[in-house]
Protein chains: 4
Amino acid sequence: MIKAGIIGATGYAGGELVRLLLNHKEVEMKWYGSRSYIDKKYYEVYQNMFKLVDDKCMDDNMEALADEVDVIFTATPQGLCASLVNEEILSKVKIVDLSADFRLKDVKVYEEWYKIQHKSPEFIEEAVYGLSELNREDVKKARLVANPGCYTTCSILTCYPLIKEGLIQPETLIIDAKSGTSGAGRGAKIDNLYCEVNENIKAYGVTTHRHTPEIEEQLGYAAGRAFCLNFTPHLVPMNRGILVTAYASLAQDADEDAIRAAYEKYYGSEYFIRVLDKDVCPQTKWVEGSNFVDVNFKIDKRTNRVIMMGAIDNLVKGAAGQAVQNMNLMFGFEETEGLKLVPMFP
Amino acid sequence: MIKAGIIGATGYAGGELVRLLLNHKEVEMKWYGSRSYIDKKYYEVYQNMFKLVDDKCMDDNMEALADEVDVIFTATPQGLCASLVNEEILSKVKIVDLSADFRLKDVKVYEEWYKIQHKSPEFIEEAVYGLSELNREDVKKARLVANPGCYTTCSILTCYPLIKEGLIQPETLIIDAKSGTSGAGRGAKIDNLYCEVNENIKAYGVTTHRHTPEIEEQLGYAAGRAFCLNFTPHLVPMNRGILVTAYASLAQDADEDAIRAAYEKYYGSEYFIRVLDKDVCPQTKWVEGSNFVDVNFKIDKRTNRVIMMGAIDNLVKGAAGQAVQNMNLMFGFEETEGLKLVPMFP
Amino acid sequence: MIKAGIIGATGYAGGELVRLLLNHKEVEMKWYGSRSYIDKKYYEVYQNMFKLVDDKCMDDNMEALADEVDVIFTATPQGLCASLVNEEILSKVKIVDLSADFRLKDVKVYEEWYKIQHKSPEFIEEAVYGLSELNREDVKKARLVANPGCYTTCSILTCYPLIKEGLIQPETLIIDAKSGTSGAGRGAKIDNLYCEVNENIKAYGVTTHRHTPEIEEQLGYAAGRAFCLNFTPHLVPMNRGILVTAYASLAQDADEDAIRAAYEKYYGSEYFIRVLDKDVCPQTKWVEGSNFVDVNFKIDKRTNRVIMMGAIDNLVKGAAGQAVQNMNLMFGFEETEGLKLVPMFP
Amino acid sequence: MIKAGIIGATGYAGGELVRLLLNHKEVEMKWYGSRSYIDKKYYEVYQNMFKLVDDKCMDDNMEALADEVDVIFTATPQGLCASLVNEEILSKVKIVDLSADFRLKDVKVYEEWYKIQHKSPEFIEEAVYGLSELNREDVKKARLVANPGCYTTCSILTCYPLIKEGLIQPETLIIDAKSGTSGAGRGAKIDNLYCEVNENIKAYGVTTHRHTPEIEEQLGYAAGRAFCLNFTPHLVPMNRGILVTAYASLAQDADEDAIRAAYEKYYGSEYFIRVLDKDVCPQTKWVEGSNFVDVNFKIDKRTNRVIMMGAIDNLVKGAAGQAVQNMNLMFGFEETEGLKLVPMFP
């Protein structure tokens, strides 16, 4: 039994972490960090937790927290984790950072896309990119895990086997992604009001979304060389879910069988990644509330392209679920502990 | 470890039963009954179950099923369970019937409100009304449990303590209920199409909804005498959730303290019923995906009425969750086994 | 052709006024008042108006506005209109106030329910309560119209004929109302975020909602005596629409025919009020985007109560539409001018 | 004043035609054709039309209809219009066909993608493809107009200027489209139930959607040569709206200015097409209920691609609105008559 603390426990990702950790056999929740609600009962912020959590929200004190717990989750805005972490803390406690602070290996790329100065670049090298299925062995040994972004998790896992096996031409890759609104966080903004989102769909951050370089970096490793791609996110009137539709030109000799074999090769033994039957398109509803990633593809012979599709719950595999999966790996627990969640339908 | 079968496994309540039973330590699922999808893989009907359930759908054969399993859930249209059950079957297997067939003690009332002839009235007397918290001891000994309706569960639990303690005048009771659309089932009807339900709210079954006599019977027991009430259901554009807003005139001497004391008396030690803090109104989202019932009340001194409010997830506490709770009681398992579900928010 | 200005043009009710006035033959829009967006193009706030409105937002200057236009709509928070209006302004311009400032004849009731001091009680007497169908002749002569609240419009019109004709017992009246989220306005509040409202329903303002005294005052006039009632609003996951379900005990001799006759008597020749066919329940979707009020009722002989139902679009008949209807009356235009909007379905 | 009849008046596109024609100054509705609801009052099918339409539904008799009206709209499944039309009918009446029967000039392509035999190929040559802005002059002279598909209207208008001006490489074009659920029609199918669509997004018809050859044919004319593209539709949980996100590699010398100039050249004087300001992405909500098409684009220098975006209301510009626009052209009415609809927000 380990002890866990969350910095940023009252955002949507933080709330989802609480939901998952409450049912985790090896974890005891000790610290509900939330600058905005200090001294308020946690259940007053999230009444779904009434009678389940009786603790009060605490200030975001990573120093104090490091003495009390074995693992810290930071579910905070960009920059905060980097500004708090130091060697002493990392010598005492493991950290799973759900922000972008340690996802990009090139600090210049981080500063260019996020428009903030990185406060602790000295830990970037050490941090392990926590896409659990791809970096499992490194995550096991990590002190500091950079939990991937929601769009990135879905985008990378949808395309990885084809890139890795050279079945598509990387430079032709176009990723069109659709997300539920919880991805936008719990901030009180007009753009996220019910009436603005409901009965509406829009693209946003076109050519400039900050998950772009993260996807490029990771898929670049798979391709064996750097390349650029297009990534366009859309806001969909639903709470949860990300759907990725990705397009790429086939490499020579790539066909249905080769592509299916590639997905099977990398995902065939993965519990959380489900390669759907031929002609079944992923739907976000089929993974809602779970840590699953559903993927599939379709070849268009007329244009010699493949359409790759992937679906996740952005708050689970796209945030809190993968964070718990990484924690399981870091502490030697069963990788699926606390995560055998059956998707809820309808 | 017991074996379970579901007749009607491909409706929404059936699907929710599967979701819950897959995570139940003491139950092995053996039979996915579904007349409409015989021989089709269950996951082809509900792709959220891909890789989790590999069985095919089977015909609704209660005789055969009784030889294979320890408990049968019937999540079927009214009349089917009554037409299938017999003494031999009940001597082999326990049944939790999610239809209305055995909920009403007076067969005439059943036939009048449901417009069908009851096929096995001889078991009505024996059947136990499975509102778990109110009839716990009887459920433990039952062979045949009549699982309550969704609206009824929420309505009864919201009002019960006040009726039982004589704090309101029963004849003044008016129940205005709002339900998500999964309560209407998975039948292909124009009225339940996305475009008809979305951005819309309506009352339906006004003065004639079939849950009315069920609520009246049970609250009549609590009151110690029969009485009539108004029950009006509404269809709300959401998948899950029932909210009950109930109005009644206060009895003499009833006040804030007496009412809160009544709720505490009956629900204070119940895991699944949460009496919210003063002035907090229940929201369906706070119980979504869980077996919780959230209740609260507000007194209006100007009109000498109390407004009682209750919220459940119609597919969990209003159907599959309570069915599992009843099964737990019938087989001597921990009552909360498989049901410690943290509500999902958002 | 008259000139119109709106103070508070960038709220949802203000935006709806613009939508309606753009298609009004007798009105030219001259002033888009909005403190929050001064000097910003109106279409930048509401891109649906791109190419339709090229004006900039102006400060809320009622003095200046009075010299430029013939009618001012105030779609502002409570208290603002009362703080701006004066005799000089009213001598130049007609005002339709969409806030609550002049709806209640008793200033003490206003100050008690709204918790603010009334800044110009001297105009309360003169102000006409603009429920167009009930106060048509007075509205025609008014300088200052108090446009009714959204819940009040729907509640009063649903119950009025039965109260007026003595067919129900006023003290037994209970109004359970359900509203779309646009009624909560465009303020950036966590409670109104998409993820908080979607897949959720709740009651709010139970026993304390400020539309209560407004409904009581107007229905008190109809009853010929003051009385108290219960009014409970609920927030529904949809943009537009209010549904009222009202319950009351029948007076002696009241029956189906008498009640239908009462509705016909008062509404039979009203263009905007549609008494639906027997057994057809109002749905908010059927009036969406229009100025219609759909009403109907059902008698429950078992409890001797009548259930009255009414539906409106809260932004049209519940706000901007009725404001335009009142303007039409005040200026002698065709009452339906600009308002023959066919409801949009789906 | 002309007389109009609709064959297929009770589908969603038919209902929208009724909504628009009721407010059209030059048209009198004479025939509400609906095989499914013969002899039922039209308003009983669509209660939003209560008191607005008192007619009964009639059988789909094009012969009889041709003697009674000046224009027939066919809003029917594929194949029906082609099976009914003949020279005698066309000599009496003008037809706007909202089905796909006359959209494709190559009957083999039609039969391959639609899997039905064409019943009157002799009229394909004559039929005018009714994308009003592109074929205005031909539409004016037409007896038979093939009203474009919803996805096609949005896709073509979003990309047309860039293809026409040679600013993109046609073969690189990828169209990712997202549609509200009314596009799926009013058929009672499980896939379109509220609970299946809500909180969900999926791609469907991947590589096989029947609007693909229609887009290819029309954009092929613009390009001056035939080419293939990828078109992927998605189902979004909303009633109305289509958003198109299209990707293509820039041709040599194409830049921001050249592209904006191209949009201005073709759409600058079009009432219904709005080229949004730089960096403003189209949202479906901004055109809801209107005949507008909102378009814009963004260049990604990193990948040398342009992302083109377009939004329409699928039932208006994507079906009924464009049909009325075409009728206006065919009869010499003002092109915008009955269509100056201000988008409804929220």
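Would you confirm whether any residue within the stretch A:156-163 is under 20 Å from the mean Cα position of the chain (by Cα), within 14 Å of another protein chain (Cβ to nearest Cβ) and crowded, with 20+ Cβ neighbours inside 10 Å? Yes: the stretch A:156-163 contains one or more residues that are under 20 Å from the mean Cα position of the chain (by Cα), within 14 Å of another protein chain (Cβ to nearest Cβ) and crowded, with 20+ Cβ neighbours inside 10 Å. Scanning the stretch D:115-146 for residues that are free of Cβ contacts under 8 Å to residues at least 12 places away in the same chain, assigned by TED's automatic domain parsing to the domain that holds D:Ile6 and in a helix (DSSP H, G or I) yields a single hit, D:Glu122. For the stretch B:272-320, the candidate set comprises residues that are of a type in the set (Phe, Trp, Tyr) and over 17 Å from the mean Cα position of the chain (by Cα); within that set, the residue that is farthest from A:Lys51 (Cα to Cα) is B:Phe297. Checked against the criterion of being among the β-branched types (Val, Ile, Thr), in a strand (DSSP E or B) and closer than 19 Å to B:Tyr267 by Cβ, the stretch B:157-164 contains not a single residue that satisfies it. Within the stretch B:19-57, being among the small types (Gly, Ala, Ser) and within 28 Å of B:Phe333 (Cα to Cα) holds for B:Gly33, B:Ser34.
Of the numbered criteria (1) away from chain D (no Cβ under 14 Å); (2) within 18 Å of A:Met344 (Cα to Cα); (3) of a type outside the set (D, E, K, R), the one A:Ala262 fails is (2).
Filter the stretch A:276-309 for residues that are within 7 Å of another protein chain (Cβ to nearest Cβ) and basic (Lys, Arg); which is farthest from D:Asn230 (Cα to Cα)? The qualifying residue farthest from D:Asn230 (Cα to Cα) is A:Lys285. Here B:Val244 qualifies as of a type in the set (Val, Ile, Thr), under 22 Å from C:Asn198 (Cβ atoms) and at pLDDT 95 or above. Applying a threshold of 8 Å to beta carbon distances and a minimum spacing of six or more residues, or different chains, the list of pairs starting in the stretch B:44-66 at a residue that is within 7 Å of chain A (Cβ to nearest Cβ) and ending at one that is crowded, with 21+ Cβ neighbours inside 10 Å and of a type in the set (Gly, Ala, Ser) reads B:Tyr46/B:Gly15; B:Asn48/A:Ser290. For C:Glu112, indicate whether it is part of a helix (DSSP H, G or I), within 19 Å of the chain's Cα centre (by Cα) and modelled with pLDDT of 95 or more. No; evaluated as a whole, the condition is false for this residue.
Does D:Leu229 qualify as being buried (at least 23 other Cβ atoms within 10 Å of the Cβ) and out of contact with any Pro (no Cβ under 8 Å at 6 or more places or on another chain)? Taking the combined requirement at face value, the residue does not satisfy it.
Please find, within the stretch C:244-271, the residue that is surrounded by the fewest Cβ atoms within 10 Å (Cβ to Cβ) out of those that are in contact with a Lys or Arg (Cβ under 7 Å, 6 or more places away or on another chain) and among the small types (Gly, Ala, Ser). Per the stated criteria, the residue is C:Ser249. Here B:Gly241 meets each of (1) surrounded by fewer than 24 Cβ atoms within 10 Å (Cβ to Cβ); (2) within 14 Å of another protein chain (Cβ to nearest Cβ); (3) touching a residue at least 12 places away in the same chain (Cβ under 8 Å) with one exception, condition (1).
Taking the stretch B:185-201 as the range and being under 19 Å from B:Gly318 (Cβ atoms) and surrounded by fewer than 20 Cβ atoms within 10 Å (Cβ to Cβ) as the test, the residues that pass are B:Gly185, B:Gly187. The set of residues in the stretch D:214-232 being more than 10 Å from chain A (Cβ to nearest Cβ) and touching a residue at least 60 places away in the same chain (Cβ under 8 Å) consists of D:Glu214, D:Ile215, D:Glu217, D:Gln218, D:Leu219, D:Ala222, D:Ala223.
Can you confirm whether the stretch D:265-272 contains a residue that is within 14 Å of chain A (Cβ to nearest Cβ) and over 26 Å from A:Thr172 (Cα atoms)?
Checked against the condition, which is being within 14 Å of chain A (Cβ to nearest Cβ) and over 26 Å from A:Thr172 (Cα atoms), the stretch D:265-272 yields no hits at all.
Any residue at all in the stretch A:51-61 that's on the phi > 0 side of the Ramachandran plot, basic (Lys, Arg) and either at pLDDT below 95 or over 21 Å from the mean Cα position of the chain (by Cα) (or both)? Scanning the stretch A:51-61, I find at least one residue that is on the phi > 0 side of the Ramachandran plot, basic (Lys, Arg) and either at pLDDT below 95 or over 21 Å from the mean Cα position of the chain (by Cα) (or both), so the answer is yes. Tallying residues that are farther than 23 Å from B:Thr207 by Cα, surrounded by 15 or more Cβ atoms within 10 Å (Cβ to Cβ) and touching a strand residue (DSSP E or B) at 6+ places or on another chain (Cβ under 9 Å) within the stretch B:99-129 yields 5. No other residue among A:Met327, A:Met344 is buried (at least 23 other Cβ atoms within 10 Å of the Cβ), farther than 17 Å from D:Ala203 by Cα, under 17 Å from the mean Cα position of the chain (by Cα) and at pLDDT 95 or above apart from A:Met327.
Testing B:Thr208 on (1) touching a Ser or Thr at 6+ places or on another chain (Cβ under 9 Å); (2) farther than 30 Å from B:Leu21 by Cα; (3) facing chain C (nearest Cβ under 10 Å); (4) of a type outside the set (Asp, Glu), one condition comes back false. Which one is that? Result: B:Thr208 passes all but (1). Has the stretch B:331-340 got at least one residue that is over 29 Å from A:Lys41 (Cα atoms) and either part of a helix (DSSP H, G or I) or in contact with a strand residue (DSSP E or B) (Cβ under 8 Å, 6 or more places away or on another chain) (or both)? Looking through the stretch B:331-340, at least one residue is over 29 Å from A:Lys41 (Cα atoms) and either part of a helix (DSSP H, G or I) or in contact with a strand residue (DSSP E or B) (Cβ under 8 Å, 6 or more places away or on another chain) (or both).
The values are calculated or read from the model by the stated rules, or taken from the named source; none is laboratory data. Values in this document were obtained by computation on a predicted structure and should not be read as measured data. Ideal geometry is used to build each Cβ from the backbone, glycine not excepted, and the neighbour counts take in all protein chains shown.
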